[in-house]
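Trainee: Here it is: the structure, laid out below.
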Amino acid sequence: MGLFNKKKEQTKTCCCGGNCTPEAMAQSETAKSADGIKVLGGGCAKCNALEDAVRAALTELGMDTSIDHVTDFAEIASYGVMTTPALVVDGKVVSYGKVLKKEEAKTIIQKARTFF
């Protein structure tokens, strides 16, 4: 009785839904390894609030660093983030799933930048 033992086709999935090209993967890896600060999120109010808090923290710290706001969900998934908003400092995810206050963002950025 092979009725219930049918094997399902295994499909490989990735962050882009299986439409990866070597060029797209190389571009994604290059973007991830770039220095700087990135806010990952779809552009909602929480993501914008996190960006504002990070901008205020950078001003207090006296750092002149640009903030990139990544809204492409394929690129967000390439960081391994499933809950936004998220904060990436120098290619490393340091916070995800919550809106940081200015003081929290300041502490996290200081810790992340002292290790590099």
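The values are calculated or read from the model by the stated rules, or taken from the named source; none is laboratory data. Keep in mind the model is a prediction, meaning the values are calculated, not measured. Here the Cβ is made from the backbone with ideal geometry for all residues, glycine too, and neighbour counts use every protein chain on show. Heavy atoms of the whole protein, side chains included, go into the accessibility calculation; ligands, DNA and RNA do not. Shrake-Rupley method; radii C 1.70, N 1.55, O 1.52, S 1.80 Å.
Trainee: Go through region 49-58 and report how many residues are under 19 Å from Tyr79 (Cβ atoms) and open to solvent by 10 Å² or more (accessible area, probe 1.4 Å).
Mentor: The number of residues fulfilling the criteria is 1.
Trainee: Restricting attention to region 77-88, report how many residues are farther than 17 Å from Ala45 by Cα and not in a helix (DSSP H, G or I).
Mentor: 5
Trainee: Testing Lys7 on (1) at pLDDT below 90; (2) at negative phi; (3) surrounded by 14 or more Cβ atoms within 10 Å (Cβ to Cβ); (4) among the charged types (D, E, K, R), one condition comes back false. Which one is that?
Mentor: Among (1) at pLDDT below 90; (2) at negative phi; (3) surrounded by 14 or more Cβ atoms within 10 Å (Cβ to Cβ); (4) among the charged types (D, E, K, R), Lys7 violates only (3).
Trainee: Can you name the residue in region 85-108 that is out of contact with any helix residue (DSSP H, G or I) (no Cβ under 6 Å at 6 or more places or on another chain) and of a type in the set (Val, Ile, Thr) and, of all such residues, is surrounded by the most Cβ atoms within 10 Å (Cβ to Cβ)?
Mentor: Val88
Trainee: While we're looking at this one, here's another question. Which count do you get for residues in region 53-76 that are touching a residue at least 40 places away in the same chain (Cβ under 8 Å), assigned to a helix (DSSP H, G or I) and over 17 Å from the mean Cα position of the chain (by Cα)?
Mentor: So the count comes out to 5.
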